[in-house]
1. Using 0.36 nm per residue, how much length does the chain from residue 386 to residue 374 gain when fully extended, once their Cα-Cα distance is taken away?
2. Scan around residue 60 for amide H atoms under 5 Å from its own, H built in the peptide plane at 1.01 Å from N, and keep only partners 5 or more places away or cross-chain.
3. Over the chain, what relative contact order in percent results from Cα pairs under 8 Å that are six or more residues apart?
4. Just want to confirm a number: the relative contact order over the range 110-210, from Cα pairs under 8 angstrom separated by 6+ residues, in percent.
5. Place a +1 charge on the Cβ of each Lys and Arg in the range 294-431 and a -1 charge on the Cβ of each Asp and Glu, then give the dipole magnitude about the Cα centre in debye, rounded to the nearest 20.
6. Can you work out ³J(HN,Hα) from phi for every residue in the range 375-385, in order, using Karplus 6.51 cos²θ - 1.76 cosθ + 1.60 and θ = phi - 60°, giving whole Hz and x for Gly and Pro?
7. Which of these values of percent of Cα pairs over 38 Å apart was calculated from the structure shown: (i) 26; (ii) 22; (iii) 39?
8. Where Rh is the Kirkwood radius over the Cα pairs of the range 273-387, the temperature 20 °C and the viscosity 1.002 mPa s, what D in µm²/s does Stokes-Einstein return?
Amino acid sequence: MTTLIDAALVADHNDKLAAQLQADYDALGGMLARRGQDIEVLTALAQRFAVAVPSWGVGTGGTRFARFPGRGEPRNVFEKIHDCAVINQLTRATPTVSPHFPWDKPTDANELRQKADDLGLAFDAVNSNTFQDQQGQEHTYKYGSLTAGSAATRAQAVAHNIDCIELGRALGSKALTVWVGDGANFPGQSNLRGALERYLDSMRAIYAALPDDWNVFIEHKLFEPAFYATTIADWGTSFACATALGPKAKCLVDLGHHAPNTNIEMIVARLAQFGKLGGFHFNDSKYGDDDLDSGSINPFQLFLVFNELADAAQRDGAGFNPAYMLDQSHNVTDPIESLMNSAVEVQRAYVQAALVDRARLAELQEANDVLLSAQALKTAFRTDVSPILAMARVRAGGAADPVACYRTSGYRDKVAASRPAKAGASSSGIV
């Protein structure tokens with residue numbers, strides 16, 4: 001496997017922190033042992049955790065108002081893959097990349113797959129894009145794509161999704177994520193029932209093109225770009241559509257696509273219960289679809305989501321295997337640093353959820369002991385599992401402190417020199 005940051009530099013970084021890490025690890029291990037928990041079991045669990053990196057996330061994001069390009073931004077999908085490989089090299093938690101078409105459409109899919117393999121990466125779910133008009137596109141998506149009143153526009157959108165499936169097959173992917181911005185900005189603009197009927201008709205054609213071992217993930221979002229009525233606005237609509245389509249259709253939960261203060265963990269529990277939880281786009285938010293770094297605003301909510309996932313895994317066994325992916329927009333930070341931090345925070349919540357004594361919690365719930373039931377979760381959440389995460393990285397060849405090691409490497413300065421800024425060539429895909 002080709003590494004982009006000198007392995008000797010990573011080893012030197014780890015050597016300098018080894019004594020401190022071991023002391024912290026031993027102290028945490030002693031505390032956990034008193035609770036009847038084995039730190040080595042938890043470390044092995046952390047090493048098995050994986051979350052996909054979004055290809056577009058390694059470029060600088062923006063808002064509806066402006067975008068401020070960053071230094072050394074990737075200008076094409078191959079440079080994106082390089083940046084994703086750096087993230088995985090240092091965190092050892094992001095072995096897959098989720099590409100977005102046509103932003104990442106390669107001229108030779110086999111070449112891209114080989115490049116990723118050389119860097120120790122594989123491809124996760126592929127994402128279609130019918131929320132933007134592309135150069136040379138015959139029919140506009142201004143008034144809808146899969147729900148458009150124009151049959152020709154719908155056919156174009158369906159064909160694009162099928163093309164994404166074929167590209168995904170060539171890359172080794174096993175899933176297609178479909179998010180559409182279709183909806184209405186004014187009452188009366190669209191027939192609300194008719195729009196959903198057209199969506200289902202379009203999705204049936206896409207579903208029919210899925211290989212036998214593929215899934216399609218339906219992603220909902222409360223609002224934006226539609227501000228009056230979004231066609232796939234909530235988990236109920238997503239669930240109903242996934243149910244209507246068939247067993248290969250699942251629901252994807254983006255943590256930022258809900259109304260403020262929505263009980264997302266309950267949505268997770270419901271979708272898991274009925275076998276329709278396909279996966280996640282992890283991020284964080286304060287007001288809307290902010291796409292902030294995972295765990296940066298509400299880490300307790302992230303923990304509660306993983307608490308439900310741990311419960312579902314215990315109930316449903318090995319067959320329960322939702323897809324995990326980061327989906328963030330990095331406007332003012334180095335995207336590589338933000339994605340590394342976010343991968344660690346999602347992994348943190350995963351390990352913290354494993355600390356919950358589920359047998360004891362069930363007893364407390366059965367006894368209606370509300371306070372101690374809540375404290376059972378808080379005890380796990382308050383436990384600082386940083387030494388477990390760091391040790392898992394070091395043992396796998398990653399960095400004890402990924403951001404510090406990355407900065408020491410000078411990677412950003414190097415790619416800034418080799419990737420001169422070029423107007424319209426960031427390939428980030430986000431305005």
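The values are calculated or read from the model by the stated rules, or taken from the named source; none is laboratory data. Keep in mind that this is a model prediction, so the values were computed, not measured. Neighbour counts run over all protein chains shown; Cβ positions are idealised from the backbone, glycine included. Surface areas here come from the heavy atoms of the whole protein model, side chains and all, with no ligands, DNA or RNA. Shrake-Rupley method; radii C 1.70, N 1.55, O 1.52, S 1.80 Å.
1. Full extension of this stretch gives 2.0 nm more.
2. 70
3. Computed value for the chain: 24 percent relative contact order.
4. 35
5. 640
6. Values per residue, Gly and Pro as x: 5, 4, 6, 5, 4, 5, 5, 6, 6, 7, 9 Hz.
7. Correct label is (ii).
8. So the translational diffusion coefficient is about 139 µm²/s.
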